[in-house]
2 protein chains.
Amino acid sequence: MAEEKPAVKEEKPVKEKAAAENTVFIGTKPVMNYVLAVITQFNMGSGEVTLKARGKAVSRAVDAAEITKNRFLQNVVVRDIRIGTEELQAESGTINVSTIEIVLGMGK
Amino acid sequence: MAEEKPAVKEEKPVKEKAAAENTVFIGTKPVMNYVLAVITQFNMGSGEVTLKARGKAVSRAVDAAEITKNRFLQNVVVRDIRIGTEELQAESGTINVSTIEIVLGMGK
């Protein structure tokens, strides 16, 4: 008698993990690149996407969040905004850079 | 018999109004100028100071908030952060700029 394969065995926690990692890092590329990345994350079923940036890219992170919710995904809301400081090792020693994390969520 | 001057008459709502206007607008000057402005507001008795910036100055607003609370006023906390979009009239038509408001408060 052949044993039935336990169907639950196929379940992987990958999707769960991916959901927690819905982060878009904002750098020096044109802002629309990041807007597209955020929209793609939501279209793949994410309920929440976090935009992270530091230094001068902080402004661009705010731009990307605003453009996403005003122009493309009207039912996206800002769930949380956190700011912080990171220490970077530079040639001249340690420098501090500001960071921002903007959490966007679908619905309310 | 001389009437006593009613002492309460001297009360003005000016201080109340000033408290609501504890706003530091962040522009293109060196960040320490704004840090000093924020510290001055707190030293004058404000319980709350709001940093406002738009466009590229958004990053500098985050810098000013972080430097104030990490280096100078350790008991200051970030009470609220709001982001938004403003329409500006430019030669080429209307352009959208991102805005940020960071509310710093004394104690918790």
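Points worth noting:
- Those residues of the stretch A:92-104 which are more than 14 Å from chain B (Cβ to nearest Cβ) and either within 16 Å of B:GLU101 (Cα to Cα) or open to solvent by less than 50 Å² (accessible area, probe 1.4 Å) (or both), in sequence order: A:GLY93
Residue-by-condition table, conditions (1) of a type outside the set (Val, Ile, Thr); (2) in contact with a strand residue (DSSP E or B) (Cβ under 7 Å, 6 or more places away or on another chain); (3) more than 14 Å from chain B (Cβ to nearest Cβ); (4) touching a residue at least 24 places away in the same chain (Cβ under 8 Å):
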| residue | (1), (2), (3), (4) |
| --- | --- |
| A:ILE39 | no, no, yes, yes |
| A:ALA53 | yes, yes, no, yes |
| A:ARG60 | yes, yes, no, yes |
| A:LEU73 | yes, no, yes, yes |
| A:VAL76 | no, yes, no, yes |
| A:ASP80 | yes, yes, no, no |
| A:ALA90 | yes, no, yes, no |
| A:GLY107 | yes, no, yes, yes |
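- Of the residues making up the stretch B:39-98, those that are of a type in the set (Ser, Thr, Tyr) and in contact with a helix residue (DSSP H, G or I) (Cβ under 7 Å, 6 or more places away or on another chain) number 5.
- Within the stretch A:38-54, the set of residues being surrounded by fewer than 19 Cβ atoms within 10 Å (Cβ to Cβ) and either closer than 19 Å to B:ALA61 by Cβ or of a type in the set (Phe, Trp, Tyr) (or both) comprises just one member, A:LYS52.
A quick yes/no check of all residues on (1) within 14 Å of another protein chain (Cβ to nearest Cβ); (2) of a type in the set (Gly, Ala, Ser); (3) more than 13 Å from the chain's Cα centre (by Cα):
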position	(1), (2), (3)
A:VAL24	no, no, no
A:LEU36	no, no, no
A:SER46	no, yes, no
A:VAL49	no, no, no
A:ALA65	yes, yes, no
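- Some residue of the stretch A:75-82 being aliphatic (A, V, I, L, M) and over 14 Å from the mean Cα position of the chain (by Cα): no
The values are calculated or read from the model by the stated rules, or taken from the named source; none is laboratory data. Since the structure is predicted, the reported quantities are computational estimates derived from the model, not experimental observations. Cβ: placed from backbone, ideal geometry, glycine included. Neighbour counts: every protein chain shown. Accessible surface is based on the protein model in full, side chains and every heavy atom, while ligands, DNA and RNA are left aside. Shrake-Rupley method; radii C 1.70, N 1.55, O 1.52, S 1.80 Å.
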